[in-house]
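The values are calculated or read from the model by the stated rules, or taken from the named source; none is laboratory data. Bear in mind that the values here come from a model prediction, so they are computed numbers and not experimental data. FYI the Cβ positions are ideal-geometry reconstructions off the backbone, even for glycines, and counts take in every protein chain you see.
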There are 2 protein chains.
Amino acid sequence: MIKAGLLGLGTVGTGVVRIVEGHQEDLQRKTGSPISIEKILVQDRSKSRAVSIDKDKLTENAWDVIDNPDIQVVIEVMGGIEPAKTYILSALEKGKHIVTANKDLMALHGAEILAKAAANGCDVFYEASVAGGIPIIRTLNEGFSSDRITKIMGIVNGTTNYILTKMSQEGAAYGDVLKEAQALGYAESDPTSDVEGLDAARKMTILATLGFHAEVSLQDVKVKGISAISKEDIQYGKRLGYTVKLLGIAERQDDHISVSVQPTMVKNSHPLASVNGVFNAVYVYGEAVGETMFYGPGAGELPTATSIVADLVAVVRNLKLGVNGRELFTPYKEKKLKSDEQISSKNFILLHVEDKAGVLAQITQIFAKHDVSLESVLQHPNVSNPAAEIIIITHDANQASMNKVLSEFESMDVIHQIKSVYRVEG
Amino acid sequence: MIKAGLLGLGTVGTGVVRIVEGHQEDLQRKTGSPISIEKILVQDRSKSRAVSIDKDKLTENAWDVIDNPDIQVVIEVMGGIEPAKTYILSALEKGKHIVTANKDLMALHGAEILAKAAANGCDVFYEASVAGGIPIIRTLNEGFSSDRITKIMGIVNGTTNYILTKMSQEGAAYGDVLKEAQALGYAESDPTSDVEGLDAARKMTILATLGFHAEVSLQDVKVKGISAISKEDIQYGKRLGYTVKLLGIAERQDDHISVSVQPTMVKNSHPLASVNGVFNAVYVYGEAVGETMFYGPGAGELPTATSIVADLVAVVRNLKLGVNGRELFTPYKEKKLKSDEQISSKNFILLHVEDKAGVLAQITQIFAKHDVSLESVLQHPNVSNPAAEIIIITHDANQASMNKVLSEFESMDVIHQIKSVYRVEG
């Protein structure tokens, strides 16, 4: 009998209990051992629960789990940095293996936790920390262990994808859809972490570190959220064959990497363009394998618990084989970040300009001056809007040149407003 | 230094050599050991090769690989049943671990090979046997180890998906697209195994066995290919919002399973509908995780080699940990097949009928008699075609009832032809 302890009994913790109890026979077949959740840290023992649990298993004292000599695996589903970090480090010191769904903790303190695990011969698994039910961490560590990953693009935040899908399908405004998402429980009452891209940035930190074998930190991620996206941007994108998605993008070229989270115009033929609603997907490009994509639920009680219990199965298999802590995937490459000159992409630019002859020539000259070539130019795209608008899609251009172009635009009288600038993918 | 032997140096074997040599440093970091391809079985040592290889490594005698005491891992990329099977069983008897891309062998003799591996404490990995570069076998074995899979639907044959994509996008006829695919090397000169669904059936045998933990055999798979699909079927599907795909479908319900390969009308909103060209994708539904999909290249030198070398990495890690042969995933459930009464799906039926009053009433009565309810009926769908045509889409109906309906249709004078019957998904 392998005994596990659970820190937290919210939505995901409840799912873990359900799966471990409901799938007991299968788990035993797969691991050779019965598995039991022995102690569970809760805030309030007297609260009624969605699953029937022996009250003796509940405790309001974390140390009843961490110090418990019978418990070999600690599953942390509390979230947040503290006290989760202290609990996990203490459990590792006591030789307990860790399964966690905590993206904040792994993004900010993953290196410290993995080092402590290595020092104590312990496993740390965190599949559920990114993209809920999609086994993307396993895929990067094992499925693509033979390949060199050059690009990871992820729709890794369900809230923003739900909002953008609704805006796109219903032509609705950001503020209205956000309110609706809050009413449905798809967005928090304070939605900042989701809509400003911070949640996605944490997940991309984890994926980039695993994909590129270099220790990417949260500060390396350039982040832009979705709150400034207008109905018009989405409509114009649609007319040109693009869907606006909040993408985390991690790229590597000659050992230099860049990581960002930003609203992106994704070509409709790209597999990420049709990932809708609260679903997540991670697109991985490997030098040898080429294009792949992994799609599934990014959150939710049972999907997230599926990943957690799969990690628990992995720990138990390792216990049976006596090889815990031997397969920690830690970065072995030096991190070198790309400069703006090395970051390159297509761009979508919407300008409000003075409606007179020669303006387009002036604008295209600025692009030429900075060596940015253009894929398409659409003047007056909106017949029902009298304002002079120009949409430009560039070929691949480096960020430094684009910044120079945009900075010149800002000082040009004929350009009233740089309405929107999006990266373009696919 | 871990030494591997290679049986076969065709397209995929060449890719394996390229990746093992090109990624040597990364592989060493990931496994803690340099890896070398020590001996390679070829048909003709004197033939010129796409990669530069020390001639001393080439042999025309398989036993130079299998009997070689330095070789710990044998990679089989010859394909076909014999002599591959004899070689693999002999290598296992000598305690060598196996990595194979051989779907035919694993579909037909997987149980025997895995039993021999278990008896000898050896690993057998075969990720590349299904869906080339997509790590779907790992995902079923490990990513979803905690879940109960109830449905696996796969586009697992690139040739047929290429043909159907072209037929759909260009309105071309099957025969013309097949010829084009043959010219481009996407289809064999004898395309039977691909277009009649046999290749897909072998892959579904492997996926169903892993997903449902019961030993599914090739004979259990009901197979129908794509050669009878007409331009009209595809056009009608399109108009109703469906895309025709050759799907492998494995389903489980209350421990009863069914496996089939058949052309299927897939609703355009379903993620499988937009998998185009030679790409593969496997859709997996788990009781807890819900909907997931894994997308990528299904064949090709480097994508397939990526999976093979990932398996090689897994063998080498196990060697380092001393745990080879301890994690063979073998079926532990009794196989119970669904009867026709237990297999249920929506159906698309295209009928050519006599153009007179009351025909539709006669037809709908037959459905009602056998308890098949209808989702939609479209009469005279094709205005430019004077023949009286009726398209019916049923609600979920069991196969036994559907067979009764179709059998009554065959004897009805007012029905000139049952033009097409497709399963409907999504």
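Which residue, of A:Ile134, A:Ile155, is within 19 Å of A:Ile75 (Cα to Cα) and under 17 Å from the mean Cα position of the chain (by Cα)?
On the way: A:Ile155 fails: within 19 Å of A:Ile75 (Cα to Cα).
When all the criteria are applied, what remains is A:Ile134.
In region A:233-304, counting only strands (runs of 3 or more DSSP E) that sit wholly within it, the ones holding 3 or more residues that are within 14 Å of another protein chain (Cβ to nearest Cβ) and of a type outside the set (A, V, I, L, M) span A:279-286, A:290-297.
Sort out which residues of region B:163-213 are of a type in the set (S, T, N, Q) and under 30 Å from B:Lys333 (Cβ atoms), and write them in order of number. Scanning region B:163-213 gives B:Ser193, B:Thr205, B:Thr209. If you go through region B:80-101 one residue at a time, do you hit one that is farther than 30 Å from B:Val216 by Cα, more than 14 Å from chain A (Cβ to nearest Cβ) and surrounded by 15 or more Cβ atoms within 10 Å (Cβ to Cβ)? No; the residues of region B:80-101 include none that is farther than 30 Å from B:Val216 by Cα, more than 14 Å from chain A (Cβ to nearest Cβ) and surrounded by 15 or more Cβ atoms within 10 Å (Cβ to Cβ). Looking for something under 21 Å from A:Gly15 (Cβ atoms), more than 8 Å from chain B (Cβ to nearest Cβ), in contact with a Ser or Thr (Cβ under 9 Å, 6 or more places away or on another chain) and touching a residue at least 40 places away in the same chain (Cβ under 8 Å) - is there at least one such residue anywhere in region A:316-331? Yes, there is a match, as at least one residue in region A:316-331 is under 21 Å from A:Gly15 (Cβ atoms), more than 8 Å from chain B (Cβ to nearest Cβ), in contact with a Ser or Thr (Cβ under 9 Å, 6 or more places away or on another chain) and touching a residue at least 40 places away in the same chain (Cβ under 8 Å).
Would you mind listing the helices (runs of 4 or more DSSP H) fully within region B:27-129 where at least 2 residues are touching a helix residue (DSSP H, G or I) at 6+ places or on another chain (Cβ under 7 Å) and touching a residue at least 40 places away in the same chain (Cβ under 8 Å)? Let's see the steps before the verdict.
Numbers: elements: B:63-66, B:84-93, B:103-120.
Hits in region B:27-129: B:84-93, B:103-120.
Sub-7 Å Cβ pairs linking a first residue in region B:368-380 that is at pLDDT 95 or above to a second residue that is of a type in the set (Gly, Ala, Ser) and part of a strand (DSSP E or B), at least 6 apart or interchain, are B:Val372/B:Ala397, ordered by first then second residue. Within region B:352-365, one or more residues are in contact with an Asp or Glu (Cβ under 7 Å, 6 or more places away or on another chain), in contact (Cβ under 8 Å) with a residue 60 or more places away in the chain and surrounded by 14 or more Cβ atoms within 10 Å (Cβ to Cβ). If you filter region A:158-185 down to residues that are among the hydroxyl-bearing types (Ser, Thr, Tyr) and within 16 Å of the chain's Cα centre (by Cα), you find that the one that is nearest to the other protein chains (Cβ to nearest Cβ) is A:Tyr162. Of everything listed in (1) within 21 Å of B:Phe125 (Cα to Cα); (2) among the charged types (D, E, K, R); (3) within 14 Å of chain A (Cβ to nearest Cβ), the single unmet condition for B:Glu25 is (1). Among the residues of region B:198-219, those that are under 20 Å from B:Val284 (Cα atoms) and touching a strand residue (DSSP E or B) at 6+ places or on another chain (Cβ under 7 Å) comprise B:Ala200, B:Ala201, B:Lys203, B:Met204, B:Thr205, B:Leu207, B:Ala208, B:Gly211, B:Phe212, B:His213, B:Ala214, B:Val216.
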